[in-house]
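Reading through the structure tokens given below for one structure.
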Amino acid sequence: MDKNLIWMIIGFVGQGFFSARFIVQWVMSEIKKQSIIPIGFWYFSLLGGATLFAYAIYKEDPVFIAVSYTHLTLPTILLV
């Protein structure tokens, strides 16, 4: 498999992780019958952020790197 294709798949997987956090929040909020942010939301944020950060570094895009880095800071602070 081509290296670029592998990294594109990694990018899509990272975006999937990052998007899954909203599904986790929605499902848990429905179960609890109130709007909550469960711990799983932050784990998916961290996993997706880290994956997208790695992809951004591969792409060598400084704007994408900066945005991806900021997506790592809040979940890291809240989970530590």
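Which of the trypsin sites (Lys or Arg not before Pro) found in the stretch 1-39 are in a DSSP loop and have at most 14 neighbouring Cβ atoms, other than their own, within 10 Å?
Answer in residue order: K33.
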Next item on the list: Give, as ranges by residue number, the residues of the stretch 1-37 whose backbone N falls under 20 Å from the point 7 Å along Cα→Cβ of A54.
Entry: 1-21
Notebook entry, point to check: Quick one: ranking D61, D2 by accessible area, 1.4 Å probe, largest first, what do you get?
Noted result: D2, D61
Check: Straight-line reach from K3: which lysines have a Cα under 30 Å away, not including same-chain ones fewer than 8 places off?
Finding: K59
Check: So between T73 and L5, what do we pick up on full extension, going 0.36 nm a residue minus the alpha carbon distance?
Finding: 21.7 nm
Next item on the list: Keeping the other protein chains in place, figure out the carbon and sulfur percent of the accessible area of the chain, with a 1.4 Å probe.
Entry: 72 percent
Check: Restricting attention to the alpha-carbon atoms of the chain, what are Rg (one decimal) and Dmax (integer), both in Å?
Finding: 14.1, 46
Checklist line | Residues of the chain: accessible area per residue with a 1.4 Å probe, Å² | finding: 69 Å²
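The values are calculated or read from the model by the stated rules, or taken from the named source; none is laboratory data. The model shown is predicted, which means the values in this text are computed figures rather than measured ones. Please note: Cβ atoms are built from the backbone with ideal geometry, for glycine as well, and neighbour counts cover all protein chains shown. Accessible surface is based on the protein model in full, side chains and every heavy atom, while ligands, DNA and RNA are left aside. Shrake-Rupley method; radii C 1.70, N 1.55, O 1.52, S 1.80 Å.
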